[in-house]
Structure formats: structure tokens, C-alpha cells
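Notes follow once the structure below has been shown.
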């Protein structure tokens, strides 16, 4: 089978630092090119200085990994030499360029969040389904083997019956110029770090997971939510509490509280390639810590995307997973619009 030829929209930092090194380890997908924005495609004024800066960044990809340099997103998306697109633009631009990719017959590997509204997400999935194209939302932490290890321990009954799942993810303020604090670019704690917590909660609660209550909080001089929390339940009565924020002390933890013990880990959502996570199991007054194997979650996420391209069953399943994530986020958005 021929390799899937993937093009990168925008020479972003995550594309260069994380996506490209992981891609080189994947046998079924190859880098075919990268594009900078055309003058009418940039979100704002594309000055000569900015265009040169973006071109210089893109040239680094070409120099290191080969491929072709495209002078606009449209040129890359319409190229017959591109089968799939990796799109790491700010969230507010995902719908526009994700739709353009699908309408040009390209499979779509999208950075999270998939879009900024359930309506837009549903539309992109509908287009992908009609054209038999793969779409993927890159919550790469979901592929780390530590999650399966923890689930197995729970299923073995080492902490008894689950009473509560607690997930926290927050980090210190990153500066007002960061897109996360810009409403026009799709910023906000819910769409950024909050999405991680909801994704993981859904992985534990299953298909019947729903948000029962939530609260988003802002901060003076910012138009986006800065921190928040939510409670989720499923049809079996299992409850998960999630908290998130982008003006917080750093926290990235999972705490599963059972009737006879608990399981805790503090790098559940951000374990990088090469990092060996530690999971602590408490039973009664005894604690035992386990160092788990490192995992390359970005590589595994790309490989899953390849499976979505090649398998209709896996592709269809992932349509549902992306839509389910969108419904959880949308519920919190709607609930907090009314407050």
C-alpha cells in the first residue's frame, strides 16, 4: 500500500517540535509539504515581515524533512500530491480550514479542540462521512499505556468499588499574547485545558457520560473563561469531577477514589515521549508506587489516524468519539451562557 502523503497547514511550534519528529517514526504516513498563509488567509494583516518570518519557519521543515513549500493554504489543499492534512492552527480557524481540507478530499488530522462549537463539529463530521474521509482530534494523551494500566487495576478490584473520579489540569498564566487568552482565536480554559479533563472523564465514564453541573469563571480584562469546573455522571451513577484553569498553579492529576483504596498519578495528560509516569496505589494504610513505561503518544495518535484512513469501522467509531467530546463541551458552554 502506498504511503499517505500528509501536508502541514502553518509552520507552528507544535508541528515542528512534536508532530514532525513523531511522523518520522510512522511507516504508513510521510511528510509531503507545508504551507504558509496567503495574504487573504492570514487572521489579521499579513505584513511582508510576517510573511518572511513564516516562510523562514516553513523552510526549516523543508530543510530537515524534505517535502514541498506551498505559498498558501489553498495551494496545499488543492494539490493532488497531498492525501491528508495536519492542521495545528488556533481553534477559531479549525472550522474554516478543516472544511476546506475535507471539501478538497483530504483526510483531516486536527489539533484539539476539533472546532469551537458542536454545530461546526457536526458539520465537518457530516462532510467527512459523505466523502468517506478520516477526521481525527489530537488528544494524544488518550493513547498513553498508563491509562489502560490504571483501568486494568480498577477492573481487578484493587481499590474496591469506585466512589469518585477526580481530574485536574491547570497551568500558570502564559501571557496575554498567547492565543489561549484571545476570544477571536478561540481561546478560553474550557476549549484548552478543560477539553483534556472532559476527554479523560469520558474515557472512564463511557458513552453515557453527561455534564450535570458546571461553572466557568473569568478575570478582569479578559473576554474568555480563565478557569472552571464540572461534574459528570453516567447511567451507572459513576461520578467524575473535573477542574481546569490557565491562571493556576500547575496540576495534571487523576485521583480515583474507591471503597477500599485509591489510585493517583500526576502526569496523566502531559507525559512527554520518554517520560516514565509514576502511579500510586493506596490500600488501607499502605501505599505502593509503580513506575510505568514511557510512551510516544504523538506517534500513536498519528498511527491511529492512519487506521481511521484505512478502516471504515475505526473511522466511523472515531466520528462518534469526536461528536461525544463536542457535546460535553457544548453543554458547559450553554449552561454558562445562561448564568
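Read-outs throughout are calculated quantities, based only on the coordinates presented, and are distinct from any laboratory measurement. Nothing here was measured: the structure is a model prediction, and the numbers come from that model. Cβ atoms come from the backbone with ideal geometry, glycine included; neighbour counts cover every protein chain shown.
Some observations on this one:
- Selection from the range 176-186 of residues that are under 16 Å from residue 248 (Cα atoms) and surrounded by 13 or more Cβ atoms within 10 Å (Cβ to Cβ): 178, 180, 181
- Identity of the residue in the range 252-297, surrounded by fewer than 14 Cβ atoms within 10 Å (Cβ to Cβ) and touching a residue at least 60 places away in the same chain (Cβ under 8 Å), that ends up nearest to residue 196 (Cα to Cα): 293
- Count of the range 82-111 residues which are under 23 Å from residue 32 (Cβ atoms) and in a loop (DSSP other than H, G, I, E, B): 7
- When residues in the range 211-238 are screened for being surrounded by 18 or more Cβ atoms within 10 Å (Cβ to Cβ) and in a strand (DSSP E or B), 8 of them pass.
- The residue that is surrounded by the most Cβ atoms within 10 Å (Cβ to Cβ), among those in the range 162-175 that are in contact (Cβ under 8 Å) with a residue 24 or more places away in the chain and over 19 Å from residue 203 (Cβ atoms), is 170.
- Only residues that are closer than 13 Å to residue 33 by Cα, touching a strand residue (DSSP E or B) at 6+ places or on another chain (Cβ under 8 Å) and in a helix (DSSP H, G or I) were counted across the range 1-18, and they come to 1.
- A residue that is crowded, with 22+ Cβ neighbours inside 10 Å, assigned to a helix (DSSP H, G or I), in contact (Cβ under 8 Å) with a residue 24 or more places away in the chain and over 15 Å from the mean Cα position of the chain (by Cα) occurs somewhere in the range 131-146.
- Counting the residues of the range 9-47 that are touching a residue at least 40 places away in the same chain (Cβ under 8 Å), within 14 Å of residue 90 (Cα to Cα) and surrounded by 18 or more Cβ atoms within 10 Å (Cβ to Cβ) gives 5.
- With respect to the conditions (1) under 19 Å from residue 14 (Cβ atoms); (2) without any contact (Cβ under 8 Å) to a residue 24 or more places away in the chain, residue 110 lacks only one, and its number is (2).
- Reported count of residues in the range 196-210, each being surrounded by fewer than 24 Cβ atoms within 10 Å (Cβ to Cβ) and either touching a helix residue (DSSP H, G or I) at 6+ places or on another chain (Cβ under 9 Å) or farther than 16 Å from residue 327 by Cα (or both), is 9.
- For residue 81: the one exception among (1) in contact with a strand residue (DSSP E or B) (Cβ under 8 Å, 6 or more places away or on another chain); (2) under 21 Å from residue 192 (Cα atoms); (3) surrounded by fewer than 24 Cβ atoms within 10 Å (Cβ to Cβ): (2)
- Restricting the range 239-249 to residues that are assigned to a loop (DSSP other than H, G, I, E, B) and crowded, with 16+ Cβ neighbours inside 10 Å, the residue that is nearest to the chain's Cα centre (by Cα) is 246.
- Any hit, the range 161-182, residues being assigned to a helix (DSSP H, G or I) and in contact with a helix residue (DSSP H, G or I) (Cβ under 9 Å, 6 or more places away or on another chain): yes
- Among the residues listed as 79, 126, the single one being more than 29 Å from residue 275 (Cβ to Cβ) and in a helix (DSSP H, G or I): 126
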